[in-house]
Amino acid sequence: QVHLAESGGGLVQAGGSLRVSCAASGGTFGVMGWFRQVPGKEREFVAAINWSGTVVDYSDSAKGRFAISRDRAENTVDLQMNNLDPEDTAVYYCAARRSLVVGRDRAAYAYWGQGTQVTVSS
């Protein structure tokens with residue numbers, strides 16, 4: 001049974017940094033990624049990384065501030081978030097798919113974690 005467990009969310013001031021992590025069990029995945037959601041809005045793509053770590057993709061808002069990485073041996077994926085803004089406040093979800101193709105479509109991700117809250121204060 002596949003299980004994704006996020007950790008590392010919390011409260012940080014604007015301009016600060018936070019790292020969220022996701023531990024996967026029950027399978028191996030071609031692509032792992034992060035999405036986020038605020039109440040009343042659709043879940044949106046943040047970043048994704050392929051199996052080898054050679055292909056990454058970021059949303060426009062994440063580009064230049066966030067960095068995604070994965071450890072295949074540990075079956076984990078991390079998202080380092082720098083220069084955080086109050087608009088980054090959201091529940092951050094780890095997602096995984098078997099396909100090797102990095103993508104932004106949340107419907108293509110079959111496996112999801114429960115989410116971790118990130119709150120950025122102004």
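The values are calculated or read from the model by the stated rules, or taken from the named source; none is laboratory data. Predicted model only: the values in this text are computed from it and were never measured. Ligands, DNA and RNA are stripped out before the accessible areas are found, and what is left, the full protein with its side chains, is counted by its heavy atoms. Shrake-Rupley method; radii C 1.70, N 1.55, O 1.52, S 1.80 Å.
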- Quantify, in whole percent, the carbon and sulfur part of the accessible surface of region 33-87 (1.4 Å probe; protein heavy atoms only). 45 percent
- May I ask you to rank 104, 43, 36 by accessible area, largest first, using a 1.4 Å probe over the protein chains only? 104, 43, 36
- Task: Just read off the accessible area of residue 7 with the full protein assembly in place, 1.4 Å probe, to the nearest 10 Å².
- Result: 60 Å²
- Normalised contact order of region 7-65, rounded percent, pairs of Cα under 8 Å and 6 or more residues apart: 21 percent
- Using the heavy atoms of the protein chains alone and a 1.4 angstrom probe, what is the accessible area of the chain per residue in square angstrom? 50 Å²
- Message: From zero outward in steps of 5 Å, how is the percent of C-alpha pairs of region 1-107 spread across the bins?
- Response: 2, 13, 25, 26, 20, 10, 4, 0
